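Shown next, in structure tokens, is the structure this report addresses.
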Amino acid sequence: MKSMNKIPVLTIDGPSGSGKGTIAQLVAKKLGWHYLDSGAIYRVLAQAAIKHDIDLADEAKLADIARDLDLVFLLKDDDLKVMLEGDDVSTIIRSEQAGNAASKVAALPLVRAALLNRQHDFRQAPGLVTDGRDMGTVVFPDAEHKVYLTASAEVRAQRRYKQLKEKGIESNLSALVADISERDVRDSQREVAPLRPATDALELDSSALGIEDVYKHIMAKCGDM
Ligand code: C5P
């Protein structure tokens, strides 16, 4: 099914630490397209739940707050700031703990349904690059271009370790490998929108590739963007 909505979309899905966020931002910048970090929405929702003392398994309440989530993305000088109810949560939502909490709320069908329209609203001219788990399969199934980016669990844990360090967040490599594996299992085995490549996605293993190589592969495949 190709797009009835003429605004083009490039979806980049994949597991945690595959490099999809970095590459999606790079491509969006080069093309001058909008960028949607869908994982940040689930991270912020989990943060809101913790802030308001809502159990991470309370599906009905979580879906309610998801619908009215006061979330704003601010892009300033290449820096994506994430605001929850007026507070800057950009750093706190990046911890592994926050990622794990996000993957718990993300497994709930009513929560995912409540966040669909919000994600569709990002489809604005001249185009959208989006990263997540179900961008090409569920949220934008009619996207013109779909990429599924992966890498070995060890490489992903190392990348995540480096990323967290750069953000000033202390972590431990072996704990990261365990966290990433736990999240992979939950994300790929859940009943709704499990992590998997769309049938029409370009699958790329980035374990041995640098950012520039991944970028070139994607641009070569999506040459008409
Ligand atoms: O991509 P990121 O690591 O920020 O995502 C955090 C969590 O949010 C993932 O582990 C996954 O459970 C969930 N997620 C999702 N669908 C998306 C994006 C993220 O379920 N499109």
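The values are calculated or read from the model by the stated rules, or taken from the named source; none is laboratory data. Keep in mind that this is a model prediction, so the values were computed, not measured. Cβ coordinates were reconstructed from backbone atoms using ideal geometry, including for glycine residues, and neighbour counts include every protein chain displayed. SASA here: full protein model, heavy atoms, side chains in, ligands and nucleic acids out. Shrake-Rupley method; radii C 1.70, N 1.55, O 1.52, S 1.80 Å.
General remarks:
- For the pair segment 171-202 and segment 116-141, the centres of their Cα atoms are 19 angstrom apart.
- Within segment 199-223, backbone nitrogen closer than 16 Å to the virtual label 7 Å beyond the Cα of Ser152 toward Cβ: 205-210
- Protein heavy-atom accessible surface, 1.4 Å probe, per residue over the chain: 48 Å².
- Candidates Ile23, Ile12, Ile169, ranked by Gaussian network fluctuation over the chain, Cα under 10 Å, top entry: Ile169
- Net charge of Cβ neighbours under 11 Å - reference Ser38; Lys, Arg +1; Asp, Glu -1: +1
- Added length on full extension, which subtracts the Cα-Cα distance from 0.36 nm per residue, Thr91 to Ala220: 43.1 nm
- One decimal place: the segment Arg196-Met83 gains 37.7 nm when fully extended, by the rule 0.36 nm per residue minus the C-alpha distance.
- Calculated FRET value between Lys51 and Leu173, using beta carbons and R₀ = 35 Å, to 0.05: 0.75
- Beta bridges per DSSP, both residues in the chain: antiparallel share near 30 percent.
- Pairs beyond 28 Å (Cα-Cα), from Lys51/Lys146; Lys29/Lys61; Lys30/Lys81; Lys76/Lys104: Lys51/Lys146; Lys29/Lys61; Lys76/Lys104
- Structural descriptor for segment 8-220: relative contact order 34 percent, calculated from alpha carbon pairs under 8 angstrom and at least 6 residues apart.
- Of all accessible heavy-atom area on segment 47-144, the percent that carbon and sulfur account for (1.4 Å): 52 percent
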